[in-house]
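Read the structure below first, then the notes.
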Amino acid sequence: MSVLEVDQVSVRFGGHLAVSECSLRVEGGRVSGLIGPNGAGKTTTFNAICGVVQPSSGQVRLDGREISSIGTHKRARLGIGRTFQRLEVFSSLTVRENIQVGMEIRRSWSRRSAALPQYLADGGDPSPGVEIDLILEQLALGPLAEELVGSLPTGHARLVELGRALAARPSVLLLDEPASGLDDTETEAFGDLLVRLAANGLGILLVEHDVRARHEGLRALVGARLRPGDRRRSPRGGAVQRGRAGRLSGLRTSRGGRIVTVDDDREPVLELRGVRAAYGSIEVLHGVDLSVPAGTVVALLGPNGAGKSTTLQVACGLMAPTAGQVLLAGRDVTGVSAEDLARCGVTTIPEGKGVFPNLTVRENLLMATYAGTSMRHIEEVAYERFPRLKERRSQVAGTMSGGEQQMLAMARGLAADPALLLLDELSMGLAPLVVEELYGIVGQIASTGTSILVVEQFARTVLGVADVAAIMVNGLVRKVGTPTEVEHLLSAAYLGG
């Protein structure tokens, strides 16, 4: 029996048709898969089911009840649980406290059954503390119950996000790319867990674009008629983009805040030597050696969970290494804060775009003026590089397409005229044509002499603009070479060879 039915749902953003007449069913006790490439409309379909966006046409039914016109919070109370493509947890709370937050939705006004679902345990309605313990046991998180989630590696944090969703006792669970950030072992264990939950009655709808990563028990069972264009996301605001001016002790900076590189152009602007990094007691980088020569584009490639984003966090000062050195223009900056590194010309565009969704394009750009650059100059450069932003300058950023939001994040970050630009997964959630356009802009930026380190899971497009490519697997850089040399080795790296 279907617990969730999506009937001929279409979603438009302005004149753009993001989802066209999508129909699917999710049955209790089964894992159903919705697969497709970046930008196909998968996340938009999830948003329509949950009420984040309103369909232009069609219906959504939960347990036979039409819910298309009711709010997101009411749908959650009725039994729709969800996790997100970009990990959403409360980093400053413990594992136990995160799961407790999920239980808040299940108060008396939710009118949900008091009986504990079979997928958690057989029995009546236990006390909140006992129920949390049951969820922790189900997810093998018991030993980490009192740990802050911000100190956990991605694989464990994904389980915490799942536990928070389960605490609301959903009848159907929507999982948006749950394997993102997980290595092969973690993906397999996560798949085993989902199969067990479904076997005990939970309906699961799973979104993935990476069919290779699928656990053998998670066969794609659902086909949906989707059109390219996942055009609405609500990322958390705040790219790591700081000022132009300032001087870091021991580093020479130019008037514009750029790092003054040494005379020898072969001297790396950024160098990591034997870098190790850990989340709590779990080490994820095991001695990374990597350099970014002046005026070059270096692409850091590898599968989910390889340690790419952690490497970038260490490079920009957001995460202190447990061992090794970080050198900037030949000077040791190990442990220096992101703010101080940014003042010396290091700009990071984070995964997930990082715009302020409730501000207009112009207001987002205005945030960059606190570094001392005039708004006139910021707009002039931004609109020259991204003409579409000029057309959208009065539009609220959260209502723009994913590609336009990424352009805005890049425009705001580039306002600092960085000497070193760090880019984390520009392609996430975007259609292939948009990704190609963005990397064309990256190529233009590189032609001005800016050194760039770009982290990507999807390699083909970025290799077209890179001067040097590196493959990272299991917390180590395994190969560095030309894009052509590295491209021939990618299949083995992504498939665990």
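The values are calculated or read from the model by the stated rules, or taken from the named source; none is laboratory data. As the structure is a prediction and not an experimental result, all values here were calculated from the model. Positions of Cβ are generated from backbone atoms using ideal geometry, with glycine treated the same way; all protein chains shown enter the neighbour counts. These accessible areas exclude ligands, DNA and RNA; they are computed on the full protein's heavy atoms, side chains included. Shrake-Rupley method; radii C 1.70, N 1.55, O 1.52, S 1.80 Å.
Return yes when Ala145 is surrounded by fewer than 21 Cβ atoms within 10 Å (Cβ to Cβ), out of contact with any Asp or Glu (no Cβ under 7 Å at 6 or more places or on another chain) and at positive phi and no when it is not. In short, no.
Could you please give the count of residues in the stretch 330-351 that are over 26 Å from the mean Cα position of the chain (by Cα), more than 24 Å from Ala411 (Cβ to Cβ) and either at pLDDT below 90 or assigned to a strand (DSSP E or B) (or both)?
Residues that pass the stated criteria total 3.
Going through the stretch 62-107 one residue at a time, which ones are among the polar types (S, T, N, Q), in a loop (DSSP other than H, G, I, E, B) and over 17 Å from Thr44 (Cα atoms)? Of everything in the stretch 62-107, those that are among the polar types (S, T, N, Q), in a loop (DSSP other than H, G, I, E, B) and over 17 Å from Thr44 (Cα atoms) turn out to be Ser91, Ser92. Taken as a whole, the stretch 49-61 holds at least one residue that is in a strand (DSSP E or B) and crowded, with 20+ Cβ neighbours inside 10 Å. Within the stretch 452-476, residues that are among the acidic types (Asp, Glu) have Cβ atoms under 9 Å from residues that are part of a loop (DSSP other than H, G, I, E, B) in these pairs: Glu456/Gly302; Glu456/Glu425; Glu456/Leu426; Glu456/Ser427; Asp467/Gly295; Asp467/Thr296; Asp467/Thr482, counting only partners at least 6 apart in sequence or on another chain. Taking the criterion of being modelled with pLDDT under 85 and either farther than 30 Å from Val284 by Cα or touching a strand residue (DSSP E or B) at 6+ places or on another chain (Cβ under 7 Å) (or both), the residues of the stretch 132-161 that qualify are Ser151, Leu152, Pro153. Considering only residues in the stretch 329-354 that are within 30 Å of Glu177 (Cα to Cα) and out of contact with any strand residue (DSSP E or B) (no Cβ under 8 Å at 6 or more places or on another chain), the one that is surrounded by the fewest Cβ atoms within 10 Å (Cβ to Cβ) turns out to be Gly352. Residues in the stretch 311-328 that are touching a residue at least 60 places away in the same chain (Cβ under 8 Å) and open to solvent by 10 Å² or more (accessible area, probe 1.4 Å): Leu318 alone. Filtering the stretch 42-55 for residues that are at positive phi and touching a residue at least 40 places away in the same chain (Cβ under 8 Å) leaves an empty set. Summed over the stretch 352-388, the residues that are farther than 20 Å from Glu437 by Cβ and not in a loop (DSSP other than H, G, I, E, B) give a count of 15.
I'd like to verify a number: residues in the stretch 17-38 that are out of contact with any strand residue (DSSP E or B) (no Cβ under 9 Å at 6 or more places or on another chain) and either under 23 Å from Ala199 (Cβ atoms) or open to solvent by less than 40 Å² (accessible area, probe 1.4 Å) (or both), how many?
Selection size over the stretch 17-38: 1.
Screening Glu104 against (1) open to solvent by less than 70 Å² (accessible area, probe 1.4 Å); (2) free of Cβ contacts under 8 Å to residues at least 40 places away in the same chain leaves a single unmet condition, (1). Scanning the stretch 192-215 for residues that are closer than 24 Å to Glu456 by Cα and either at pLDDT 80 or above or not charged (D, E, K, R) (or both) returns Leu206, Val207, His209, Val211, Ala213, His215.
Can you name every residue in the stretch 409-423 that is more than 17 Å from the chain's Cα centre (by Cα) and of a type in the set (A, V, I, L, M)? Ala411, Leu414, Ala415, Ala416, Ala419, Leu420, Leu421 - these are the residues of the stretch 409-423 that are more than 17 Å from the chain's Cα centre (by Cα) and of a type in the set (A, V, I, L, M). Among the residues of the stretch 77-87, those identified as over 23 Å from Val149 (Cα atoms) and open to solvent by less than 60 Å² (accessible area, probe 1.4 Å) are Leu78, Gly79, Ile80.
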